[in-house]
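The values are calculated or read from the model by the stated rules, or taken from the named source; none is laboratory data. Quick caveat, the model's predicted, so the values are computed rather than measured. Using ideal geometry, Cβ is built from the backbone for each residue, glycine included, and neighbour counts are taken over all protein chains shown.
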Amino acid sequence: MQFDFLKIKSPPMIGVDISSSAIKMVELSDAGRNQRCIERYVIEPLSKDAVVEGNIAKMDEVVEAMKRAWASMGTRTRHVALALPAAAVITKKIILPVTLSETDMEIQVEAEANQAIPFALDEVNLDFQVLGPSANSPEDVEVLIVASRKEKVEDRVAVAESAGLKVLVMDAEFNASQTAYEGMAHVLPDGGDGQSVALIDIGATTMHIMVFVNNVMVYSREQSFGGNQLTQEIQRRYGMSSEEAEKAKRKGKLPENYALEVLQPFTETLALEISRALQLFFSSTSYIKVDHVVLAGGCAVIPGLDEAVANRTEASTLVANPFVGMVLSSRVLAAKLAVDAPALMVACGLAMRRFDPA
């Protein structure tokens, strides 16, 4: 069974992010005058072992969580766009002559994929997208090849189908994040043109670093660090179970000394990790600075994190809101969305696939 990673799709559908901590769903609609409307969204928590390193470890639990999430949405739309984590996706950019027919391009892509992918081609889902003219040669185009093991794709499809949903698009998480970033880039000076921007998405277990120059991604890397470190420290300090600590962290029901003795040290450690991640970017590329840092993921709303990161990196720092400039439906509470928005980058990017030109 083949699924499009990158090809154009446009019917109404929900963006669904299966992360290590939650099922996140976003549904957008067209509000007219080139505006989008966020119709509804939901974040349905998962136990910490349900999804491990991007792999679905407890299928039944994830299916039940997806059923609950869809029911909470209160939508009739059953078509969904899903995404694979970066670790499950192999990408390669190649240069091909602009004069190639689509059939010839497919043959060339398959030949290149055969060289780049350490699996037999019948074991993978393969797709490609023409990105545009080559920077160095106007007679050529840059083509992105994307591939993933079929079993990685099929696990996610099985979860959605078992929950009564139909998968129309299978994307890559970094591609969805880029789509969401492009939708909010207008808040940056000159809309990000002439700027270098680091998007740091801090999840429960991993931190994904993406750097954009002139709004084109030039670097992408994941490293192990995330909000679970804070949960574990809460467990240790206050003698709680993992579930109790996570609930207390979400609801802010912790002792008075929490902010000073637990949260502040974690914030400083996280800012240091982000600074180190950017130093690795500088040391492995020709770039020597970033102009802006955009914080995403559940940890992005930690009070004072943006300031701590700005101090460490000497770059202007802001918290991501992929819905900035969108109309809010009556079902969406602005105050709640402001807290949840940074964690919805991937789900929002996936939901935006319905607006791809036909």
Check on R312, of a type in the set (D, E, K, R), over 24 Å from S72 (Cβ atoms) and either buried (at least 23 other Cβ atoms within 10 Å of the Cβ) or out of contact with any Leu (no Cβ under 6 Å at 6 or more places or on another chain) (or both): yes
If you go through region 80-96 one residue at a time, how many are under 12 Å from M25 (Cβ atoms) and not aliphatic (A, V, I, L, M)? 0
Quick one: which of V157, V169 is closer than 24 Å to P322 by Cα and β-branched (V, I, T)? V169
Being crowded, with 20+ Cβ neighbours inside 10 Å, at positive phi and either touching a residue at least 24 places away in the same chain (Cβ under 8 Å) or touching an Asp or Glu at 6+ places or on another chain (Cβ under 8 Å) (or both) is the requirement here; does G304 meet it? no
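Conditions tested, residue by residue: (1) more than 21 Å from G132 (Cα to Cα); (2) surrounded by fewer than 17 Cβ atoms within 10 Å (Cβ to Cβ); (3) in contact with a Pro (Cβ under 8 Å, 6 or more places away or on another chain); (4) not hydrophobic (A, V, I, L, M, F, W, C).
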| residue | (1), (2), (3), (4) |
| --- | --- |
| R76 | yes, yes, no, yes |
| V80 | yes, no, no, no |
| I95 | no, yes, no, no |
| E102 | no, yes, no, yes |
| A111 | no, yes, no, no |
Of all strands (runs of 3 or more DSSP E) fully inside region 13-65, the set with 1 or more residues that are of a type in the set (S, T, N, Q) is 22-32, 35-45
Residue check, G325 against (1) within 22 Å of the chain's Cα centre (by Cα); (2) assigned to a helix (DSSP H, G or I); (3) among the small types (G, A, S), all met but one. Which one? (2)
Taking region 48-58, which residues are touching a Ser or Thr at 6+ places or on another chain (Cβ under 8 Å) and more than 18 Å from E173 (Cβ to Cβ)? K48, K58
What are the residues in region 324-358 that are surrounded by 13 or more Cβ atoms within 10 Å (Cβ to Cβ) and hydroxyl-bearing (S, T, Y), if any? S329
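Let's see how each residue does on (1) in contact with a helix residue (DSSP H, G or I) (Cβ under 9 Å, 6 or more places away or on another chain); (2) closer than 26 Å to V346 by Cβ; (3) at pLDDT 90 or above:
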position	(1), (2), (3)
L96	yes, no, yes
Q115	no, no, no
L121	yes, no, no
V146	yes, yes, no
E154	no, yes, yes
A158	yes, yes, yes
G164	yes, yes, yes
